[in-house]
């Protein structure tokens, strides 16, 4: 394990733990609150969304770490996945979402810890960056690592906290 992969993994866990701790302390009414005027997904759906995306996000980083392009993940596909997920998870419980968040973030962190510096430095075309050659480290930081922080900030804003 490299120091960089350990640091990245620790930051994934830190973000997931911050989101889980915050979510665990909100009321049922807050759990059902939409996160914004434009994003009608509830706080609960968003917490489950973050949890469910870890395997996909880390999977994409592993593809890039192997020197292969990621071409089939587009922003349109992401929007479709998010819409389908919102419909399927509209009544997700706090306990189920937080448990999935903790489990999937631990698994994502373990996957990242196994990456070498050479794998983190590998670059390949990445469709969410419009085909620009991105490093595996960038993919990890911009997706699996940032995701929980991004949504925690949006949830806090929606709840006025």
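Numerical summary
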quantity	calculated
Residue within segment 75-83 that is in contact (Cβ under 8 Å) with a residue 40 or more places away in the chain, surrounded by 13 or more Cβ atoms within 10 Å (Cβ to Cβ) and assigned to a strand (DSSP E or B) present	no
Filter pass, residue 59 being surrounded by 14 or more Cβ atoms within 10 Å (Cβ to Cβ) and without any contact (Cβ under 8 Å) to a residue 24 or more places away in the chain	yes
Residue match in segment 114-125 (condition: surrounded by fewer than 21 Cβ atoms within 10 Å (Cβ to Cβ), at pLDDT below 95, in contact with a helix residue (DSSP H, G or I) (Cβ under 6 Å, 6 or more places away or on another chain) and not in a helix (DSSP H, G or I))	no
Conditions (1) over 20 Å from residue 50 (Cβ atoms); (2) touching a strand residue (DSSP E or B) at 6+ places or on another chain (Cβ under 7 Å); (3) in contact (Cβ under 8 Å) with a residue 24 or more places away in the chain; number of the one not met by residue 121	(3)
Scan of segment 84-107 for residues that are touching a residue at least 24 places away in the same chain (Cβ under 8 Å) and either outside any helix (DSSP H, G or I) or within 29 Å of residue 131 (Cβ to Cβ) (or both), ordered by number	85, 86, 89, 90, 92, 93, 104, 105, 107
Set 9, 90, 18: member being touching a helix residue (DSSP H, G or I) at 6+ places or on another chain (Cβ under 7 Å), surrounded by fewer than 15 Cβ atoms within 10 Å (Cβ to Cβ) and under 14 Å from residue 148 (Cβ atoms)	18
Within segment 126-140, tally of residues that are part of a helix (DSSP H, G or I) and more than 10 Å from the chain's Cα centre (by Cα)	7
Qualifying residue in segment 143-153 (condition: under 18 Å from residue 56 (Cβ atoms), in a helix (DSSP H, G or I) and without any contact (Cβ under 8 Å) to a residue 40 or more places away in the chain)	yes
Matching residues, segment 35-64, being over 14 Å from residue 83 (Cα atoms) and in contact with a strand residue (DSSP E or B) (Cβ under 6 Å, 6 or more places away or on another chain)	60, 63, 64
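The values are calculated or read from the model by the stated rules, or taken from the named source; none is laboratory data. Keep in mind it's a predicted model, so treat the numbers as computed, not measured. Cβ: placed from backbone, ideal geometry, glycine included. Neighbour counts: every protein chain shown.
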